[in-house]
Amino acid sequence: MKKLLLFLSCSLVLLHCSPPKKTHGLTTQNAMIVSARAEASQIGVAILQQGGNAFDAMVATELALAVAYPYAGNIGGGGFMVYRKNDGEIGALDYREKAPLAASKNMYLDHNEEVIPGKSTLGALSVGVPGTIAGVFEVHRKFGTLSIQEILSPVIALAKRGVAVTSKQAHRIANYQSAFLEANKDSILFQKEWKENDTIRYLALAETLTRIQQKGAKEFYKGETAKRLVKFMQENGGILTLEDLEKYEPKWRKPIRFSYDDLNIISMSPPSSGGICLAQIMNAIEPFPLNEYGHNSVKAIQVITEAERRSYADRSFYLGDPDFVSIPQEALISKEYSQKRMANFSFEKATPSSEVSHGNIQIIESDETTHYSIVDAFGNAISVTTTINGGYGSKLYCSDLGFFLNNEMDDFSSKPSSSNMFGLVGAKANEIAPEKRMLSSMTPTIIEKNGQLYMILGTPGGSTIITSVLQTILNVHEFDMSMQEAVNAARFHHQWLPDEIQLEPNSFSSTVIEKLKSLNYQFTESESLVIGKVAAILVLENGTLEGGADKRGDDAAAGF
Ligand code: DON
């Protein structure tokens, strides 16, 4: 109906309005992987070509990113996976880090109860118990078909052979030199001037992965690797113990499921806020004819911003680890609730965030990151976002074992109403407790249309993850873009607090910005701001797969 209206209004205004030609990403007939590095996409695709399924390829791609993309790919972090099998079965795995047993609510506060800058972001105290190795082995145990020997061999070979430095990577490494120096006692592999096209060989990581290949996940959580990691952490002032590692378990979760027009959207449940917030925002904007307003038009930005503002206020109050706090999930993702929250929105004027709090729900029911998307030749789909939080995590690099440790503890709320590195303000639901998982924004998502697999997507970007996934879906569904165009299009973001719209630089019309300013919207448009780095796959009407590899990174699609 919306498309018909657009067509009619186009016809009236222009008499004939031929649709603009679309620019497509890589298209393939059978299978595809889109990830942050070509090397990782290719290793995953090689596993698919050997007859492996999407789950085998997930293990290979995740670990290949740990080698080729140390900025965010990891074995020292954690993540979330959403899957949809070819028979329609869906599920989600939470291999998020958790707080060590010795963690405590006020561990980042001084004696005046003020947050100590850097304590939750830099060095050993910022590290949560890593979940990645447990996660990939759990995926393999449940769904894998090839042997771990076969899956890890090309990854280990890559680590030994080394990976070429890209221009973007050379810049990143240069930018982080002083942080590396601050976080580490000794000089690390990355503490030198790596130039574009240099090759970095990851020999210590190759040895660690070889032991894991031979002995399984228990090598990381109980074996020699575990003991060496704990020794390293304690030497650096950390609180991680062998008991923390031994007790770590990934958890199967029920994904969030909701509809938007004729789309059926499947996304990550708590301890990620991704699925709930995406559902809330999409429920709130569904009644508005966005495609009539136009992509990044004043009215479209207003509606999306106001829906985001209200959802992020709820995120702050209600969301945390579901094993520790009760989340009124069904109420939060009901269409009635989000649409009621929009009742005080007006096109005449911005709603100040100071006037927006969390919604009232009476009944409490009991009850630098990287993303890759995979479709295999059997029609199984996987959407995974994995992270060590900041770029190079805590910057603490274990030279002995060859990997960076996360700084995921910063995703907790160190103190009510103080903000974390993404400016997110938290509350009691996300306070620190031993063994609790910190709230995430990661939004690995799979979409069905007419009961069939339609889109697989996700992105890094901290608090901007949810809104980047949102805009990418809308770009295809409302604004008729190809997958690649949808991924590349300029993005904006609002997260309730601070009360401002973040814009990617030089991408929005000044007329639109001026009009929004006159309606009391405030803006930040920093030169270096990148909002998300989406990796997506779209199933076209004839069954062909189209990749969307974000121009903002070194992302690459591969397939056959
Ligand atoms: O779980 C989260 O929401 C964050 N730790 C994600 C961090 C992230 O995306 C950093 N990358 N830009």
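The values are calculated or read from the model by the stated rules, or taken from the named source; none is laboratory data. Worth saying up front: this structure is predicted, and the values here are computed from it rather than measured. Note: ideal-geometry Cβ built from the backbone for every residue, glycine included; neighbour counts use all protein chains shown.
Data table
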{"item": "Out of Asp480, Asp555, sole residue that is of a type outside the set (S, T, N, Q) and crowded, with 24+ Cβ neighbours inside 10 Å", "result": "Asp555"}
{"item": "Failed item, numbered, when Phe422 is tested on (1) in contact with a Gly (Cβ under 9 Å, 6 or more places away or on another chain); (2) crowded, with 22+ Cβ neighbours inside 10 Å; (3) part of a loop (DSSP other than H, G, I, E, B)", "result": "(2)"}
{"item": "Residue ID - farthest from Tyr83 (Cα to Cα), chosen from residues in the range 370-421 that are more than 15 Å from the chain's Cα centre (by Cα), of a type in the set (D, E, K, R) and within 16 Å of the ligand (Cβ to nearest atom)", "result": "Lys395"}
{"item": "Count of residues meeting criterion [outside any loop (DSSP other than H, G, I, E, B) and surrounded by fewer than 17 Cβ atoms within 10 Å (Cβ to Cβ)] in the range 333-362", "result": "7"}
{"item": "Tally of residues being within 15 Å of the ligand (Cβ to nearest atom) and of a type in the set (Ser, Thr, Tyr) across the range 61-110", "result": "3"}
{"item": "Single residue of Val82, Val139, Val115 found to be touching a strand residue (DSSP E or B) at 6+ places or on another chain (Cβ under 8 Å) and more than 23 Å from Thr369 (Cα to Cα)", "result": "Val115"}
{"item": "Where a residue in the range 191-212 is of a type in the set (Gly, Ala, Ser) and its partner, wherever it lies, is modelled with pLDDT of 95 or more and part of a helix (DSSP H, G or I), with Cβ under 8 Å and at least six apart", "result": "Ala206/Ile156; Ala206/Ala159; Ala206/Lys160"}
{"item": "Subset of the range 303-326 [of a type in the set (A, V, I, L, M, F, W, C) and buried (at least 24 other Cβ atoms within 10 Å of the Cβ)]", "result": "Ile304, Ala307, Leu319"}
{"item": "Residues within the range 518-541 that are surrounded by 14 or more Cβ atoms within 10 Å (Cβ to Cβ), of a type in the set (D, E, K, R) and more than 16 Å from the ligand (Cβ to nearest atom), tallied", "result": "1"}
{"item": "Residue check for Ile173: within 19 Å of Thr225 (Cβ to Cβ) and β-branched (Val, Ile, Thr)", "result": "no"}
{"item": "Number of the exception - Phe345 against (1) in contact with a strand residue (DSSP E or B) (Cβ under 9 Å, 6 or more places away or on another chain); (2) closer than 18 Å to Trp496 by Cα", "result": "(1)"}
{"item": "Hits in the range 460-477 - residues which are near the ligand (Cβ under 8 Å from one of its atoms) and among the small types (Gly, Ala, Ser)", "result": "Gly461, Gly462, Ser463"}
{"item": "Val356 being farther than 20 Å from Ala36 by Cα, more than 16 Å from the ligand (Cβ to nearest atom) and either among the β-branched types (Val, Ile, Thr) or within 20 Å of the chain's Cα centre (by Cα) (or both)", "result": "yes"}
{"item": "Of all residues making up the range 156-188, the number that are out of contact with any strand residue (DSSP E or B) (no Cβ under 7 Å at 6 or more places or on another chain), crowded, with 17+ Cβ neighbours inside 10 Å and part of a loop (DSSP other than H, G, I, E, B)", "result": "2"}
